[in-house]
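S.K.: Have a look at this one before I ask anything.
The values are calculated or read from the model by the stated rules, or taken from the named source; none is laboratory data. A quick note: this is a predicted structure, and the numbers were derived from the prediction, not measured. Heads up, the Cβs are rebuilt from the backbone with ideal geometry, glycines too, and the neighbour counts pull from every protein chain shown.
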């Protein structure tokens, strides 16, 4: 079998090149084929194997990743070139919607999900990338992933993993699973404290964004500062959520998103962060009276300073920062107008959150404030729709879907792989299996 250069696009490209060369119909006739390419083409033509069996390759590549996971079990920081090669080829295959579905039908999606729990960071990163590619714009695979608790696993990795590369790829997987899939978006926001995660993820200093209500209920700390790619992914997902569901804006305002977006807009860290942050800030102050009111005179002064700074740049630099300047100018102009009308922002109906495979979907319950939960130091089961006071420790049984709660013990160590940060009332608490 011909080695390495086996992807159909490579075959087609080189064969077309060869035909053009032999019939003289293109400039290829002016650049004869190299001896290496000629030898490779002759081998390919003689082998008779011009089409890759992509279904079979899915089996082989997932198997290779599983084997590498075993080999690197006790080497959390090790990097293996063969892993990258296998992932690159697998990503290329499953980026096709039909092949992404095939990975599940072949029974190879579950092994990839299991790789999220491996000890090696490179393998966890690979699993997140493969999962994100499989579910992106693919409702069938989004449902499959949601049924298998991938949202919980990926969210946990995006928040708590020690590796910055894993956190970034995990956020990619979360974003691909949520976008254009209301059930996953509702679960992420309502049960996963998703808005808080994204606001903190956008910030270069996430610990400074959300002040705890008291010393006993401080939000869990990140293992490290978010990288620029991680911040970009959080920002773009936050933009998507707020544009599609403006009712979430006020919750983000209470999390300090206005000064946070402004700080990113003034920053030189990354041009995309700056442009997108100012664009999102313009949208939310034009939509929410609370967001408009959160803009201080100092912030407006900094906006003007940023515009003046760009105006004094050289022609090339000014052109590079033109969108930043335009967004800042539009935002400042909007702030000089009247605030948006105080009117209820329409919300979408609660999305149906599916249960595990084989069971019927369960609608997200609406909390009943008159049926409040009375917490003790012992676990108690929560009834569907029962309101929960803020700051409790809540546990989700991922098998039955039932929830249990008790008084939070700050000394209790409970952050395991299946834990995620959730929001009950006004404060974040933790959920674990």
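S.K.: How many of the residues in the range 268-299 are part of a loop (DSSP other than H, G, I, E, B) and either in contact with a strand residue (DSSP E or B) (Cβ under 8 Å, 6 or more places away or on another chain) or without any contact (Cβ under 8 Å) to a residue 60 or more places away in the chain (or both)?
M.R.: Pass one, the range 268-299, residues part of a loop (DSSP other than H, G, I, E, B): 268-270, 288, 294-296.
Narrowing the set further to residues that are either in contact with a strand residue (DSSP E or B) (Cβ under 8 Å, 6 or more places away or on another chain) or without any contact (Cβ under 8 Å) to a residue 60 or more places away in the chain (or both) leaves 268, 270, 288, 294-296.
Within the range 268-299, residues that are part of a loop (DSSP other than H, G, I, E, B) and either in contact with a strand residue (DSSP E or B) (Cβ under 8 Å, 6 or more places away or on another chain) or without any contact (Cβ under 8 Å) to a residue 60 or more places away in the chain (or both) number 6.
S.K.: Still on this model: Looking at (1) assigned to a helix (DSSP H, G or I); (2) modelled with pLDDT under 85; (3) within 17 Å of residue 162 (Cα to Cα), which is the one condition that is false for residue 231?
M.R.: Here residue 231 clears every test but (2).
S.K.: Do we have any residue at all in the range 289-304 that's in contact with a helix residue (DSSP H, G or I) (Cβ under 9 Å, 6 or more places away or on another chain), modelled with pLDDT of 90 or more and over 30 Å from residue 341 (Cβ atoms)?
M.R.: Looking through the range 289-304, none of the residues is in contact with a helix residue (DSSP H, G or I) (Cβ under 9 Å, 6 or more places away or on another chain), modelled with pLDDT of 90 or more and over 30 Å from residue 341 (Cβ atoms).
S.K.: Residue check, residue 105 against (1) out of contact with any helix residue (DSSP H, G or I) (no Cβ under 6 Å at 6 or more places or on another chain); (2) surrounded by fewer than 22 Cβ atoms within 10 Å (Cβ to Cβ); (3) closer than 25 Å to residue 80 by Cα, all met but one. Which one?
M.R.: Looking at each condition in turn, residue 105 falls short on (3).
S.K.: Looking at the range 35-49, is at least one residue modelled with pLDDT under 90 and either within 21 Å of residue 134 (Cα to Cα) or in contact with a strand residue (DSSP E or B) (Cβ under 9 Å, 6 or more places away or on another chain) (or both)? Can you show your working first?
M.R.: Of the range 35-49, the ones modelled with pLDDT under 90 are 35-49.
Applying the additional criterion that residues be either within 21 Å of residue 134 (Cα to Cα) or in contact with a strand residue (DSSP E or B) (Cβ under 9 Å, 6 or more places away or on another chain) (or both) yields none.
Within the range 35-49, none of the residues are modelled with pLDDT under 90 and either within 21 Å of residue 134 (Cα to Cα) or in contact with a strand residue (DSSP E or B) (Cβ under 9 Å, 6 or more places away or on another chain) (or both).
S.K.: Which of the helices (runs of 4 or more DSSP H) contained wholly in the range 146-213 include at least 1 residues that are surrounded by fewer than 21 Cβ atoms within 10 Å (Cβ to Cβ) and modelled with pLDDT under 90?
M.R.: On the way: elements: 150-160, 164-178, 182-190, 194-202.
The helices (runs of 4 or more DSSP H) meeting that bar are 150-160, 182-190.
S.K.: Within the range 83-142, which helices (runs of 4 or more DSSP H) (wholly inside it) include 2 or more residues that are free of Cβ contacts under 8 Å to residues at least 40 places away in the same chain?
M.R.: In the range 83-142, the matching helices (runs of 4 or more DSSP H) lie at 97-105, 109-114.
S.K.: Here is a further query. I'm trying to understand the selection: among the residues of the range 60-86, which are farther than 15 Å from residue 116 by Cα, surrounded by 15 or more Cβ atoms within 10 Å (Cβ to Cβ) and either under 23 Å from the mean Cα position of the chain (by Cα) or outside the structural domain of residue 130 (by TED's automatic domain parsing) (or both)?
M.R.: Within the range 60-86, just 86 meets the criteria.
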